[in-house]
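Have a look at the structure below, then the notes.
The values are calculated or read from the model by the stated rules, or taken from the named source; none is laboratory data. This is a predicted model, so every value here is computed, not measured. Cβ placement follows ideal geometry from the backbone for every residue including glycine, while neighbour counts extend to all protein chains displayed. In case anyone asks, the SASA skips ligands and DNA or RNA and just uses the protein heavy atoms, side chains included. Shrake-Rupley method; radii C 1.70, N 1.55, O 1.52, S 1.80 Å.
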Amino acid sequence: MNDPAPSQDAFESALAARTAPLHTGSKSTRVLGVLALVLLVSLLAFALVITPPEVSQRDSFRLLYLHVPSAIVSLYVAFAITLVGSIIYLRKQSVFWDLLAGAAAEVGVLFLGITLVTGMLWGKPTWGVYWQWDPRLTSTAVSFVLYAGYLAVRKLDMDPVVRSRRAAVLGIVSFLNLIIVRYSVQWWRGLHQGQTFDVADTQMDGVMLFTALLGVITMHVVFAWLVIHRFRVAWLEHQADEAGLDVALRERRAEGANV
Amino acid sequence: MTTPVIELAGAVSLIGRFPALAGADLSVGTGEVALLQGPNGAGKSTLLRLCAGLAPLSGGAGTVLGHDLSDRRERRALRRRVGLLGHGTALYDDLTVEQNVRFWTAANHGDLSTIEPAMDRLGVGGRLRTVPVSGLSAGQRRRTAMAVLVCRRPVLWLLDEPHAGLDAAGRDLVDELVHQAVASGATALVASHELDRVAGLATRVVHVVGGHITAQHSDAPAHGDLGGRGDLDDGEAT
Amino acid sequence: MLRDARLVASKDLRVEATSRVLTTQVLPFALLVLILFGFGISPDQQVISGAGEGTERVAILEKVAPGLFWLAVLFSTLLAIGRSFAIESVDGNLDALRMAGLDPAGVFLGKMSAVLAELLVLELVVGLGCFALYGPPLAHPVLLVTTVLSATLGIAAAGTLYAALAAGLRVRDTLVPLLVLPVLAPVLLAATLATEAALFGPDGDGWPWALLLGAFAVLYTGAGILAFGTLVEES
């Protein structure tokens, strides 16, 4: 550490020798990014302008074009990827799956946040209050904290391998718990009152159905784009760590010469 | 040389992101008492923990008692057969000396009939038996930990500063125990700053600096040459 | 596995028998929480209970006694599992446990059993406190006992699993509540509803929830047995 300049060079050359990807963008993901952008703009156009207001909920219904797909993507796609990634990581110890599990959970929590906020905004005009102890919203709130805990473990300052293994166990158990929370809360509220709202019950015409479908597709593409980039950043961080390690090894061995 | 108990080739062990061991080469045969020497932070404790199957082998190759250190399952099997006396004494403050020794011996699958003699030998029998560990002095705690180690009957003894905190009689006792274990076929790896004391005990001195082995003397030197570069065995000087 | 479990459980209970941290600190804390609930929810407030002609005015505290009981238990659980792993996180004890070659599943079952036994004792006292302070009736004792046993088993299993996950970390005390409480949320829900049915009846409402608690307990005991080795293993 006496002379930072050669160490920096050594670091860069060590980094260059690492396996790809060494950038966060690539041609195919740029196409994906443009596609996500186009889809988002058209979703906005359809959801806010082109579709008619819903018969009973009027304009507040438009929030659901974002709310429902966010919930689907986070609960059914993101955390399932985290589950699968965690299982494969524990079996094969491959960093790829560990980082993918983490990236999916991060974006999943973001989407859960969107689900919660849009759900509450939708609740205000619909129920007159932001929070109604609706089974889905309630269990979503618990799931949000559940996976926030998972992300907290991933951020712990500790041995990276131990942390990844503990996070993987958590990624698996959390999914189990996601299911328990979802069904027990629905059962609980189901005893007191019927479903407060069901998408299937609302009157939707062709354009509205199309917009709903567009929302689902859009959020999946946005999710994919975000996860890929989050993963690449994490991968780069990992590669930088490994490259730093090569340098640290050399410096550690040189300690003896200075004594 | 006899059959190797410890075989390390370019062993790397990380603590977090820090390479505590940065390519250590070491070969220790059955019945040897190898003394690890080196400045603070040189990697002696990590070397002991690596040989105990606790610290991970992040690079290079390593075998201890025939167990491959790169395999998690093998490392777990290895742990049962070695005894590590680290910086901590691994005693429950609220339990008495006897309760502690009894629990750990049972946990280690040791022979429960050896508890009494071991405690007496280490000087923590008699009156001290029923004293909670929280009421012991640092030296008495070390002695209790040694009693646990004796009951464990390890094939490989890994001792990290075993003389620290002990009185003269206690230090002699440690040396005697190591002698006896080695005489009955065990091997020992001892990290110590007390060269004078261990010199008589060691069959070999291993210098650890900067996370690797810089030099080895096949016989214990009579002088305290900490930065020794002579008598290269199979280590390398950088 | 069972030998190791018995060994670890008796060691943990012996540590508690000598140190008495739970009986002299956690138990009074739980009782204090019961009294504080009384301050937070005024004892004079009443709700109309029942439907149609059978309505009557009941003190809120009596009505919500089951939920308050389980909340007090949950808070105490955080302290109990914290203590369970605090005694292992000092002086190299975790390393020694790893070195001992104990079956990780056995260690999990042992620590879980000790926490279970400690919580059951605590619940007995806190439960009596609830009856004394809030004065609810007791319609179905069998359902109550079943609920308490299955809920506590689930709490002990999940609590031990998550405490192991944070074992040896500096941020253990702050991390464990964040991890454990959302996991135990369904237990709180089910245990409260089952206890409500056990106290006020009809017990038919409570049995499905008791069943759910049993399923949760089995699931988390299994998860703990499978995962404990990975959690306590250093890389």
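Some points to look at:
- The single condition among (1) assigned to a helix (DSSP H, G or I); (2) touching a helix residue (DSSP H, G or I) at 6+ places or on another chain (Cβ under 6 Å) that C:LEU94 does not satisfy is (2).
Residue by residue, here is whether (1) among the hydrophobic types (A, V, I, L, M, F, W, C); (2) at the interface with chain A (Cβ under 8 Å from one of its Cβ atoms); (3) in contact with a helix residue (DSSP H, G or I) (Cβ under 6 Å, 6 or more places away or on another chain); (4) outside any loop (DSSP other than H, G, I, E, B) holds:
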| site | (1), (2), (3), (4) |
| --- | --- |
| B:ALA9 | yes, no, no, yes |
| B:PRO19 | no, yes, yes, yes |
| B:LEU36 | yes, no, yes, yes |
| B:THR46 | no, no, no, yes |
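- Qualifying residues in region C:99-139 (those that are in a loop (DSSP other than H, G, I, E, B) and either at pLDDT 95 or above or among the aliphatic types (A, V, I, L, M) (or both)) - the one farthest from C:ALA17 (Cα to Cα): C:ALA139
- Inter-residue pairs, beta-carbon under 8 Å, first more than 10 Å from every other protein chain (Cβ to nearest Cβ) and in region C:78-106, second surrounded by fewer than 21 Cβ atoms within 10 Å (Cβ to Cβ) and of a type in the set (Phe, Trp, Tyr), 6+ apart: C:LEU79/C:PHE29
- Top-ranked residue of region A:194-228 - restricted to ones that are open to solvent by less than 60 Å² (accessible area, probe 1.4 Å), in contact with a Pro (Cβ under 9 Å, 6 or more places away or on another chain) and polar (S, T, N, Q), ranked as modelled with the lowest pLDDT: A:THR196
- Index of the failed condition, B:GLY29 passing every other in (1) over 14 Å from the mean Cα position of the chain (by Cα); (2) open to solvent by 10 Å² or more (accessible area, probe 1.4 Å); (3) of a type in the set (Gly, Ala, Ser); (4) away from chain C (no Cβ under 11 Å): (2)
Rundown of residues vs (1) closer than 24 Å to B:SER134 by Cβ; (2) within 12 Å of another protein chain (Cβ to nearest Cβ), yes/no style:
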position	(1), (2)
B:HIS67	no, no
B:ARG72	no, yes
B:ARG75	no, yes
B:ARG80	no, yes
B:LEU85	yes, yes
B:LEU91	yes, yes
B:ASP94	yes, yes
B:GLU98	yes, yes
B:ALA106	yes, yes
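- Residues of region B:107-132 satisfying the condition of being under 17 Å from C:VAL15 (Cβ atoms) and either among the basic types (Lys, Arg) or under 21 Å from the mean Cα position of the chain (by Cα) (or both): B:ALA107
- C:LEU13 being touching a residue at least 24 places away in the same chain (Cβ under 8 Å) and either surrounded by 11 or more Cβ atoms within 10 Å (Cβ to Cβ) or more than 14 Å from chain B (Cβ to nearest Cβ) (or both): yes
- Qualifying residue in region C:25-35 (condition: at pLDDT 90 or above, more than 17 Å from C:LYS11 (Cα to Cα), among the polar types (S, T, N, Q) and open to solvent by 30 Å² or more (accessible area, probe 1.4 Å)): yes
- Matching entry among B:ALA52, B:ALA77, B:ALA90, B:ALA61 (being open to solvent by 20 Å² or more (accessible area, probe 1.4 Å), closer than 25 Å to B:ASP111 by Cβ and among the aliphatic types (A, V, I, L, M)): B:ALA77
- Complete set of residues in region C:141-192 that are of a type outside the set (S, T, N, Q), away from chain A (no Cβ under 13 Å) and open to solvent by 10 Å² or more (accessible area, probe 1.4 Å): C:PRO141, C:VAL142, C:LEU144, C:VAL145, C:VAL148, C:LEU149, C:LEU153, C:ASP173
- Residues that are at pLDDT 90 or above, over 30 Å from A:ALA240 (Cα atoms) and open to solvent by 50 Å² or more (accessible area, probe 1.4 Å) number at least 2 in the following helices (runs of 4 or more DSSP H) confined to region A:16-98: A:27-45, A:64-72.
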